[in-house]
Structures are given as C-alpha cells and as structure tokens.
Amino acid sequence: MEKDSTQSIQIEVAVPAQRIDSSILVIRDQKVILDADLAELYGVSTKVFNQAVKRNHDRFPEDFMFRSTPDEKGEVVTNCDHLRKLKYSNALPSAFTEHGAIMAANVLNTPRAITISVYVVRAFVKLRGLLNSQKHFARKLEDLERKIVEHDEKFDVLFTAIRGLMQPPTDPPKRRIGFSAPEESTS
C-alpha cells in the first residue's frame, strides 16, 4: 500500500503524562526508563521491543542503555508497584536514558513510538528542571541554616551579656565603722 505524500498520519495518544513521569527512575545516578515501561508506552510487547534493540545494538552505547544488576532489579521491583511482574522474570531489565528512549523509538519506527517519544523527552526535560530547582532551593536552605547558626552564636553572646547585667551587683566588702587598733605583729 503506497501512501500519498500529502496525507499525514494522526495518532491519538491516550497515555497520561503522569504515567510517563512515574516511569522515569534514577538508577546509577542517571534518569532512566526500563525496557518494560518503554515497550508499554510505545505499544509493543517487551519481547518485541528487546528484539528490536538487540538487532540494532550498535545504536545503543553505554550512555544510552545499560543492563541493570540483580540488586537494582530487586530495588525497582520493591519500590515500583507497576513493575512487580519483573519479580518473576529471569531476565535483567535494560535501562534507557533519555537518548536511549529516543533511539528506541527510532528503531521501532512505529507512528505511536515516534509520537510517544516526544512526550517521553518532555518528561525527562521536566524532571531535569525540577531537579535543578530543587538543587537551587537546597542551596538557599543551606545559606539560611548557616545564617541562623551565625545569628545563634551572636544571640548566645548577647544573652550571656544580658544575664550578666541582670545579676545583682556583688557588693565590695564594707569597711567597719569605728576605731580599730592596728594589728600587732609578733616576732
């Protein structure tokens, strides 16, 4: 079947942004989406997805995709309810970075995958922005804590001085009134 070049394919996407956002995990200090989530988002089975990636392995360098370790898999299964089915799989899931997710959509080359990849990239960008603003607020909080500590030290000095002023003055020993004989020394 030949397509008319003036005809465009419209895909109606019914994937909520929250679903994509919740698929992004942090593994090895990298934001990634696991193969099972990408396959579901792109509308193919995980097996078909992984076969396409395997056939095009040279398009997925280490900074685009990496295989998770058994410990990482266990942590993901424990912390992510939607990935419980991975618990019974013998295979270790592949983790795709933002660039790997785009490349996977290109490898699949389906209209849905290409459309969804735009939303996936937007989710990564949104997360990056949130993390940057979070770092900004963390720095502001550190500055505030440092100022409070400095002020606390100054207040301690001030309160100590005020307490010292509040103490009744110590009276010097009073001289006795009257005549006193000089003390005689016995030698």
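Any read-out appearing in this document is the output of simple, stated calculations on the displayed coordinates, not a laboratory observation. No experiment lies behind these values; they were computed from the predicted model shown. Using ideal geometry, Cβ is built from the backbone for each residue, glycine included, and neighbour counts are taken over all protein chains shown.
Some values worked out for this structure:
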| read-out | value |
| --- | --- |
| Inter-site label distance for V26 and N56 at 7 Å from Cα along Cβ, in nm | 3.0 nm |
| The chain - convex hull of alpha carbons, volume per residue in Å³ | 292 Å³ |
| Cβ-derived FRET efficiency at R0 25 Å, R146 paired with V125, nearest 0.05 | 0.20 |
| Listed residue pairs exceeding 28 Å between alpha carbons, taken from K73/K126; K126/K147; K154/K174 | K126/K147; K154/K174 |
| Estimated distance in nm for a label pair at F137 and T110, the labels positioned 7 Å out from Cα along Cα-to-Cβ | 3.8 nm |
| Coarse-grained scattering of the range 134-183 at q = 0.29 Å⁻¹, given as base-10 log I(q)/I(0) from a Debye sum over alpha-carbon atoms | -1.02 |
| Rounded to the nearest 20 debye, dipole of the chain from Cβ charges on Lys, Arg, Asp, Glu | 360 debye |
| Fraction of alpha-carbon pairs over 21 Å apart in the range 45-113 - percent | 29 percent |
